[in-house]
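In what follows, a single structure is set out as structure tokens and then discussed.
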Amino acid sequence: MTFFMLNAPAIRRFFQRFRPTTLDRYLINQVIPPFTIALAVVMTALLLERLLVLFNLLAEGNNNLRTFVELLTTLLPHYLGLAIPAALCVSVFAVMRRMSQNEEIDAANSSGLSLLRITRPYIHLGLVLGVISFLLYGFIQPHARYDFRAAFYFASHTGWSPRLQPRMFARPSSDLTLVAEDVTQSGSELKNVFIHDTSDHQERNITARKGHIRIASDGSTVQLDLEDGIIVSDSGDKPPSLTTFQHSTRYLTHASQTTPFRERGDDERELTSPELISKIVRQDGSISRPHMWSELHFRLARSLTIPFIPLLATALAMARKRQRNNAGLPIAFILMIGFDHILQFGHSMVATRQLSVLVIWAPALVFIVLCVALLLYRSGTFLLWRARWTQPARTRQA
């Protein structure tokens, strides 16, 4: 208690130094709308290709919309991890570029604020997004990747998915025979349906005016929805019974016919960061140790470089006076895409060739140094340092 009382002013000054000012709140409010828009656009662009694959899966397997939504939801964490750095770069670049053209940067510099001070709230935003990305890469994406593979497996192995033809008998199982007078919608819409069912030690003859074949809500069974029909049941020891219905559902296959999906953890990308560390320490042989070691460092390197993206975007957004065209944004994207590909290449080299993790961290350190150096150059810090270093020499000569 005495220590805190003696150092209360210092602690107060420490927290006041990091308290958001009016300028900080203004800059954050300016970057939120473009960041949201850029994040949505990048996510949409990344998901387009995978959406086509999911649509083909729905069309081929007669899956329902719920299966599509489930698969799409499990993809979001993966593409979110790719979209956050891009959206951060675009939004910070757009805001700083506009402020440079409107001479707001010059006004702030005239009041004694350096470019480094102006960029500080965006560096803090990068730190927050870096922590979010660390949690995303290390905890959420492994579960989402497994959930996607499991959902895709069940959507692709849903048992019997018939392609019926008019007036042709089909046998989904040994005790069920199905025929329809008319078939449309690639075999899913039926008219004038007849079913012969011998399950449960009794015989049922079912007729219906309409039928619709679809994947059940559990994702692992095929069901037939019937409308306006009659069921004639004969158990052998009792007189036959006749039942009419407006709507009835028959399951053509059972979930037990689909082999359960494997447990999570056969791939190092399905393991969370604590699980990777635990397996590395215990030297678990189910997954190659270089693969786990490379995956862990790859996640850390990607997370730690995100806070430096605002420095890169700010430096490239600064343009000369009266210069309308600025190639800063394409250059930023080239640098970021190139860095990501080099990082992935190093990741694969460490995993397959068992090289040192320096292959991953060297590009990350180069990217960090490049971002810091570009901002220091744009802010004139290098010239200030050079002037300070040369001043004592001139003083001694005088």
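Annotations
- In terms of accessible area, using a 1.4 Å probe and ignoring ligands and nucleic acids, Ile231, Ile28 rank largest first as Ile28, Ile231.
- Only aspartates and glutamates eight or more places from Lys191 in sequence, or on another chain, were considered; those with a Cα closer than 12 Å are Glu181, Asp182, Asp225, Glu227, Asp228.
- Summing charges over all other residues whose Cβ lies under 14 Å from the Cβ of Arg167, with Lys and Arg as +1 and Asp and Glu as -1, gives -1.
- Test item: Cα-centred dipole of segment 70-193, Lys/Arg +1 and Asp/Glu -1 on Cβ, debye: 240
- Taking 0.36 nm per residue of separation and subtracting the current Cα-Cα distance, fully stretching the chain between Glu189 and Thr22 would add 53.8 nm.
- Cα gyration tensor, segment 271-388 - rounded (a/c under 1.5), prolate or oblate: prolate
- Per-residue HN-Hα couplings for segment 65-72 [Karplus 6.51, -1.76, 1.60; θ = phi - 60°; Hz; x = Gly/Pro]: 5, 4, 5, 4, 5, 5, 5, 5
- Near Gln283, once Lys and Arg are set to +1 and Asp and Glu to -1 for all other residues with Cβ below 15 Å from its Cβ, the sum equals 0.
- Accessible surface comparison of Val41, Val53, probe 1.4 Å, protein chains only, largest first: the order is Val41, Val53.
- Per residue accessible area of segment 48-152, 1.4 Å probe, in Å²: 45
The values are calculated or read from the model by the stated rules, or taken from the named source; none is laboratory data. These numbers come from a predicted model, not from an experiment. Positions of Cβ are backbone-derived with ideal geometry, glycine not excepted, and every protein chain shown enters the neighbour counts. Note: accessible area is taken over every heavy atom of the protein model, side chains too, but ligands, DNA and RNA are not part of it. Shrake-Rupley method; radii C 1.70, N 1.55, O 1.52, S 1.80 Å.
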